[in-house]
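The next block holds one structure in the form of structure tokens; read it before the comments.
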Amino acid sequence: MTDDFERDYTIPEERSEDPQPAPQPEAAYTAPVQPQPTETQPEAPCIAPVQPQPVPPQAETFYAALVRPQPVPPQPAGAEHNSYVWTDAAQNNQKKKRHGGRAFGISLLAIFTCAVLVLASIGVVHIAQSSGGNQPTVSSSETPVEQKTGFELSGRTETDELAVTDVAQKIRPAVVGVVNYTMNSLTASGYGSGVIINAEGYIVTNYHVIEGADRVKIVLYDKTEALASIVGSDEQTDLAVLRVIEDENVKHSDLVYASFGNSDEVQLAETVVAIGNPGGLEFAGSVTRGIVSGINVKTELSGNVKLIQTDAAINPGNSGGPLIDLYGNVIGITSQKIVDTQYEGMGFAIPSNTVKPIVDSILTYGYVPGRPMIGISGNTIDEYVAYFNNVPRGVLITSVDANTDAAAKGLKKNDIITSIGGVTVKTMDELNAEKEKYSAGDTVELGIYRYSEGRSFTVSIVLSEYKPTETLN
């Protein structure tokens, strides 16, 4: 991700020399007036500029750049950010993180005047997604289990093509509303969408829709409500799996589930349909249509995950809903869009061929094994902070997980990671991109600048395995 902030420095125009005052007639001599003595004031100390409140340290993430919002009370449609955003109606807590990318607003005049800046309290730039820096190392190989399958992928033939109305009638009953409740909250913290994937009551949705949830409710197409458990999640691909909890009103055998198509067969400019709950449950089951605008597209939010781009209307609350082809098969899970006055109709979905192996792993293990983790939380040091503090660019460590090899090898708060595996990194995004080339258990060399000692060195650490905590039975 590129630096996500702007600065306008206005250099005062040079003024011409003041014009000579017009000659005045000579005045009669009078005794000069003596200035009255004033009470001596103590010299004011140089005060450091007031810092914006630093964004809480974020842990390393598997995603690039902007941070996905956690579910919060629904926002009006106008409350949008001019960049990539996740398409749920929840934009409070993580919206603060996203805007934290612009939190560095220190006055240059104050910096030059006082030359005071505490490195540990920098409110800097690109915030990396939380989770991952404080997880214990767990090896999935310790408890081998039978691999489970969430759904199968269907092929397509020309005779299978349906009208848009038939597509909606086929898939709409399989689309649910997902409501996120946090602890001690009587009202919903956020809304999203989901798709029932099989007859056992499993649902796929976005990770950011259920992130931080203490209770999840699903709302079926006929307005029937039921609780759901969180089977597992994968932050890197922004996917999560839920399961409907059966009660007297809802049985798995009564649920309608969707069929999934092979996203590798998707062609540019083919017609697609999106179904979801824009704005929450008020417009539940809304249907929009468009075309496939791009294939294998990457965004600042998707990291290394390639997406399907579409101009079908994607709105807050659509997150986790299906993108469907005219064969009536789900080919993607809607996830994000670009919101900017200069852009229109740029939504994105996670391809079904990416969704399937992730869902299968979650059903088997509760998460996706093998994700590498350094075990730190940190923030990017941009060029301005680096310049004014005379430190290299990189990732400022704000905390180290005591259960990781990074802690065992002596990494500590305020160290700056400048390289990984011999590759220079200047941002958290670059660090994560390089880290993803390794697997949990690999040994990797980190370049470190120790701020407290003013020296650089390298250290080899064993990457831990990232295991998410979002499970709710």
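The values are calculated or read from the model by the stated rules, or taken from the named source; none is laboratory data. In this text the structure is predicted, and so the values were computed from the model without any measurement. In this analysis, Cβ positions are derived from the backbone assuming ideal geometry, glycine residues included, and neighbour counts consider all displayed protein chains.
Give A258, A274, A228 a once-over and let me know the one that is in contact with a helix residue (DSSP H, G or I) (Cβ under 6 Å, 6 or more places away or on another chain) and either crowded, with 22+ Cβ neighbours inside 10 Å or free of Cβ contacts under 8 Å to residues at least 60 places away in the same chain (or both).
Matching residue, one of A258, A274, A228: A258.
Please determine whether any residue of the range 308-315 is over 22 Å from the mean Cα position of the chain (by Cα), hydroxyl-bearing (S, T, Y), closer than 14 Å to G345 by Cβ and in the same structural domain as P351 (by TED's automatic domain parsing).
No - not one qualifying residue is present in the range 308-315.
Looking only at the range 274-285, count how many residues are in a strand (DSSP E or B) and within 20 Å of I338 (Cβ to Cβ).
Of the residues in the range 274-285, 2 are in a strand (DSSP E or B) and within 20 Å of I338 (Cβ to Cβ).
Here are the criteria: (1) in a loop (DSSP other than H, G, I, E, B); (2) buried (at least 24 other Cβ atoms within 10 Å of the Cβ); (3) of a type in the set (D, E, K, R). Tell me which single one K337 does not satisfy.
So the condition that K337 fails would be (1).
Here are G447, G366, G441, G394: which of them is touching a strand residue (DSSP E or B) at 6+ places or on another chain (Cβ under 6 Å) and within 30 Å of I230 (Cα to Cα)?
G366
Tell me, please, whether a residue that is within 23 Å of P357 (Cα to Cα) and without any contact (Cβ under 8 Å) to a residue 40 or more places away in the chain can be found in the range 296-303.
Yes, that holds for at least one residue.
Based on what the data block shows, is A213 in contact with a strand residue (DSSP E or B) (Cβ under 6 Å, 6 or more places away or on another chain), assigned to a loop (DSSP other than H, G, I, E, B) and either among the hydrophobic types (A, V, I, L, M, F, W, C) or not assigned by TED's automatic domain parsing to the domain that holds G317 (or both)?
Considered against the rule, which asks whether it is in contact with a strand residue (DSSP E or B) (Cβ under 6 Å, 6 or more places away or on another chain), assigned to a loop (DSSP other than H, G, I, E, B) and either among the hydrophobic types (A, V, I, L, M, F, W, C) or not assigned by TED's automatic domain parsing to the domain that holds G317 (or both), A213 comes out as yes.
For the condition surrounded by fewer than 16 Cβ atoms within 10 Å (Cβ to Cβ) and more than 29 Å from I358 (Cα to Cα), what is the one hit in T443, T424?
Testing whether each residue is surrounded by fewer than 16 Cβ atoms within 10 Å (Cβ to Cβ) and more than 29 Å from I358 (Cα to Cα) leaves just T424.
Identify all residues within the range 366-382 that are touching a Lys or Arg at 6+ places or on another chain (Cβ under 6 Å) and either closer than 18 Å to E445 by Cα or of a type in the set (D, E) (or both); write none if there are none.
Passing the criteria: only P372.
Within the range 360-393, can you find the residues that are in contact with a Phe, Trp or Tyr (Cβ under 7 Å, 6 or more places away or on another chain) and buried (at least 24 other Cβ atoms within 10 Å of the Cβ)?
Across the range 360-393, the qualifying residue is only M373.
In the range 134-192, which residues are small (G, A, S), at pLDDT 95 or above and part of a strand (DSSP E or B)?
Across the range 134-192, the qualifying residues are G177, G192.
Is there a residue being surrounded by fewer than 17 Cβ atoms within 10 Å (Cβ to Cβ) and either in contact (Cβ under 8 Å) with a residue 40 or more places away in the chain or within 24 Å of L301 (Cα to Cα) (or both) anywhere in the range 175-186?
No: the range 175-186 contains no residue that is surrounded by fewer than 17 Cβ atoms within 10 Å (Cβ to Cβ) and either in contact (Cβ under 8 Å) with a residue 40 or more places away in the chain or within 24 Å of L301 (Cα to Cα) (or both).
So E300 passes all but one of these: (1) at positive phi; (2) surrounded by fewer than 23 Cβ atoms within 10 Å (Cβ to Cβ); (3) assigned to a loop (DSSP other than H, G, I, E, B). Which condition number does it fail?
Going through the list (1) at positive phi; (2) surrounded by fewer than 23 Cβ atoms within 10 Å (Cβ to Cβ); (3) assigned to a loop (DSSP other than H, G, I, E, B), E300 breaks only (1).
Regarding S439, is this residue of a type in the set (S, T, N, Q), touching a residue at least 24 places away in the same chain (Cβ under 8 Å), within 30 Å of K148 (Cα to Cα) and out of contact with any Asp or Glu (no Cβ under 7 Å at 6 or more places or on another chain)?
yes
Here's the yes/no breakdown for (1) touching a residue at least 12 places away in the same chain (Cβ under 8 Å); (2) part of a loop (DSSP other than H, G, I, E, B):
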{"position": "A386", "(1), (2)": "no, no"}
{"position": "N403", "(1), (2)": "yes, yes"}
{"position": "A406", "(1), (2)": "yes, no"}
{"position": "L411", "(1), (2)": "yes, yes"}
{"position": "D429", "(1), (2)": "yes, no"}
{"position": "E434", "(1), (2)": "yes, no"}
{"position": "V444", "(1), (2)": "yes, no"}
{"position": "Y449", "(1), (2)": "yes, no"}
{"position": "S460", "(1), (2)": "yes, no"}
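Do we have any residue at all in the range 308-320 that's out of contact with any Gly (no Cβ under 7 Å at 6 or more places or on another chain) and in a strand (DSSP E or B)?
Checked the range 308-320: no residue is out of contact with any Gly (no Cβ under 7 Å at 6 or more places or on another chain) and in a strand (DSSP E or B).
Would you check which residues across the range 252-269 are under 14 Å from S352 (Cβ atoms) and either of a type in the set (D, E) or not assigned by TED's automatic domain parsing to the domain that holds I291 (or both) and list them?
If the condition is that a residue be under 14 Å from S352 (Cβ atoms) and either of a type in the set (D, E) or not assigned by TED's automatic domain parsing to the domain that holds I291 (or both), then D264, E265 are the ones that fit.
Check A312, A284 and return the single one that is surrounded by 23 or more Cβ atoms within 10 Å (Cβ to Cβ) and either in contact (Cβ under 8 Å) with a residue 12 or more places away in the chain or at negative phi (or both).
The match here is A312.
Which of the residues belonging to the range 427-440 are under 17 Å from V459 (Cα atoms) and buried (at least 20 other Cβ atoms within 10 Å of the Cβ)?
L431, K435
What tally of residues in the range 211-235 results from selecting those that are at pLDDT below 95 and of a type in the set (V, I, T)?
Summing the residues that are at pLDDT below 95 and of a type in the set (V, I, T) in the range 211-235 gives 0.
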